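*Asks:* Once you've had a glance at the structure underneath, I'll fire off some questions.
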Amino acid sequence: MSTYAIGDVQGCYSALQRLVEEVQFNPAEDRLWFVGDLVNRGPHSLTTLRFIKALGPSAQVVLGNHDLFLLAVAEHIIPLRNKDTVQDILAADDREELLGWLRLQPLHHHDGNHFMVHAGLLPQWTIEEAARLAQEAEAALREMDYAKVLQALYPSSHLQWSPSLSGPMRWATIIKVLTRMRVCTPTGIMESSFSGSPAQAPSGYVPWFQIPERRHRGTTIVCGHWAALGLHIGDGVLSIDSGCVWGRQLTAVRLDDRQIFQVSCDGVGSFGD
């Protein structure tokens, strides 16, 4: 059995199909890990979501910021923008089934020495603390009043983590860390609006995985979210958003031996959230 971690698909269904063929995926034996952002900006969000859902236990998904955006739009918390491409999901006959399944997906997945999230972890969080906090937010998203959590998440620019937070603000801040962070200070202050290359990071901010004293060192964080960074395999990090939806590649990494598989995709946009 092999496990393949796949970068941000974002509705690029044809590229996903070619990548699945490239790795010779066998659903009876292999597993696909999706780092989030299954939908939006690409041309076939509905088909992509249906396909991944139909994989059942062969797929392990974590939620990304675009997936949460879809849920927030469906709850009329925020409006669609011209660049969004999830209208086909919102108009689908199986809309409620798909959105219900999406809302039940976790924000993290921990298996052995691999810890998968969409964006990253704060340097002060241990793996155990990150898992516990993610579980808190996951439980809140699965409650009937989950819209309160999404309301606290939009907008999120002011949200900064503190252990003293409580209720929807606490859960929204946890979600912000796990699904939006690219750079932060060594003390864990986030700058979530930044989406450029590491060399362009604002003064005082560095990629979260470059902070040497981060407390989750020793575990490999599997993530995406950062198209301008591209495929990055480093000390304790597999960052695999290689910008498929922006005309670059969709990437899979076989976790057993770190072999890389990539397929090209025609792009539709420019870097950003």
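The values are calculated or read from the model by the stated rules, or taken from the named source; none is laboratory data. Model, not experiment: these values are computed from the prediction. Note: ideal-geometry Cβ built from the backbone for every residue, glycine included; neighbour counts use all protein chains shown.
*Asks:* Considering only residues that are in a helix (DSSP H, G or I) and in contact with a helix residue (DSSP H, G or I) (Cβ under 6 Å, 6 or more places away or on another chain), look in the range 20-51 and name the one that is farthest from Ile260 (Cα to Cα).
*Replies:* Leu46
*Asks:* Can you tell me how many residues in the range 54-82 are part of a loop (DSSP other than H, G, I, E, B) and either in contact with a helix residue (DSSP H, G or I) (Cβ under 6 Å, 6 or more places away or on another chain) or surrounded by fewer than 21 Cβ atoms within 10 Å (Cβ to Cβ) (or both)?
*Replies:* Number satisfying all stated conditions: 10.
*Asks:* Turning to a different aspect of this structure: Give the range 117-142 a look and list any residue that's touching a Cys at 6+ places or on another chain (Cβ under 7 Å), hydrophobic (A, V, I, L, M, F, W, C) and under 23 Å from Arg31 (Cβ atoms), or say none.
*Replies:* Of everything in the range 117-142, those that are touching a Cys at 6+ places or on another chain (Cβ under 7 Å), hydrophobic (A, V, I, L, M, F, W, C) and under 23 Å from Arg31 (Cβ atoms) turn out to be Val117, Ala119.
*Asks:* Return the residues of the range 1-24 that are without any contact (Cβ under 8 Å) to a residue 24 or more places away in the chain, more than 22 Å from His225 (Cβ to Cβ) and not polar (S, T, N, Q); say none if nothing qualifies.
*Replies:* Scanning the range 1-24 gives a single hit, Glu21.
*Asks:* Condition check: assigned to a loop (DSSP other than H, G, I, E, B) and at pLDDT 95 or above. Does Gln135 satisfy that?
*Replies:* Spelling it out, it is not the case that Gln135 is assigned to a loop (DSSP other than H, G, I, E, B) and at pLDDT 95 or above.
*Asks:* Quick test for you: out of Gln105, Gln124, Gln135, pick the one residue that is surrounded by 15 or more Cβ atoms within 10 Å (Cβ to Cβ), under 17 Å from Val62 (Cα atoms) and polar (S, T, N, Q).
*Replies:* Every option except Gln105 fails the conditions.
*Asks:* Residues in the range 83-94: is at least one aliphatic (A, V, I, L, M), in contact with a Ser or Thr (Cβ under 6 Å, 6 or more places away or on another chain) and in a loop (DSSP other than H, G, I, E, B)?
*Replies:* Taking every residue of the range 83-94 in turn, at least one turns out to be aliphatic (A, V, I, L, M), in contact with a Ser or Thr (Cβ under 6 Å, 6 or more places away or on another chain) and in a loop (DSSP other than H, G, I, E, B).
*Asks:* Next question, about the same structure. I'm trying to understand the selection: among the residues of the range 221-235, which are buried (at least 21 other Cβ atoms within 10 Å of the Cβ) and either among the β-branched types (Val, Ile, Thr) or over 15 Å from Met181 (Cα atoms) (or both)?
*Replies:* Result: Ile221, Val222.
*Asks:* Let me ask you something else. Kindly indicate whether Gln151 is part of a loop (DSSP other than H, G, I, E, B), in contact (Cβ under 8 Å) with a residue 12 or more places away in the chain and farther than 16 Å from Ser192 by Cβ.
*Replies:* For Gln151, the condition - part of a loop (DSSP other than H, G, I, E, B), in contact (Cβ under 8 Å) with a residue 12 or more places away in the chain and farther than 16 Å from Ser192 by Cβ - is not met.
*Asks:* What is the one condition in (1) over 25 Å from Ala92 (Cβ atoms); (2) polar (S, T, N, Q); (3) in contact with a helix residue (DSSP H, G or I) (Cβ under 9 Å, 6 or more places away or on another chain) that Gln17 does not satisfy?
*Replies:* The failed condition is (1).
*Asks:* In the range 1-53, what count of residues is obtained for those that are surrounded by fewer than 16 Cβ atoms within 10 Å (Cβ to Cβ) and aliphatic (A, V, I, L, M)?
*Replies:* The number of residues fulfilling the criteria is 2.
Every residue, every condition in (1) part of a loop (DSSP other than H, G, I, E, B); (2) out of contact with any Ser or Thr (no Cβ under 9 Å at 6 or more places or on another chain); (3) aromatic (Phe, Trp, Tyr); (4) modelled with pLDDT of 95 or more, yes or no:
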site: Trp161; (1), (2), (3), (4): yes, no, yes, yes
site: Trp171; (1), (2), (3), (4): no, yes, yes, yes
site: Leu178; (1), (2), (3), (4): no, yes, no, yes
site: Thr187; (1), (2), (3), (4): yes, yes, no, yes
site: Arg214; (1), (2), (3), (4): yes, yes, no, yes
site: Trp226; (1), (2), (3), (4): yes, no, yes, yes
site: Asp273; (1), (2), (3), (4): yes, no, no, no
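*Asks:* Can you tell me which of Arg182, Arg142 is closer than 12 Å to Leu121 by Cα and touching a residue at least 12 places away in the same chain (Cβ under 8 Å)?
*Replies:* Arg182
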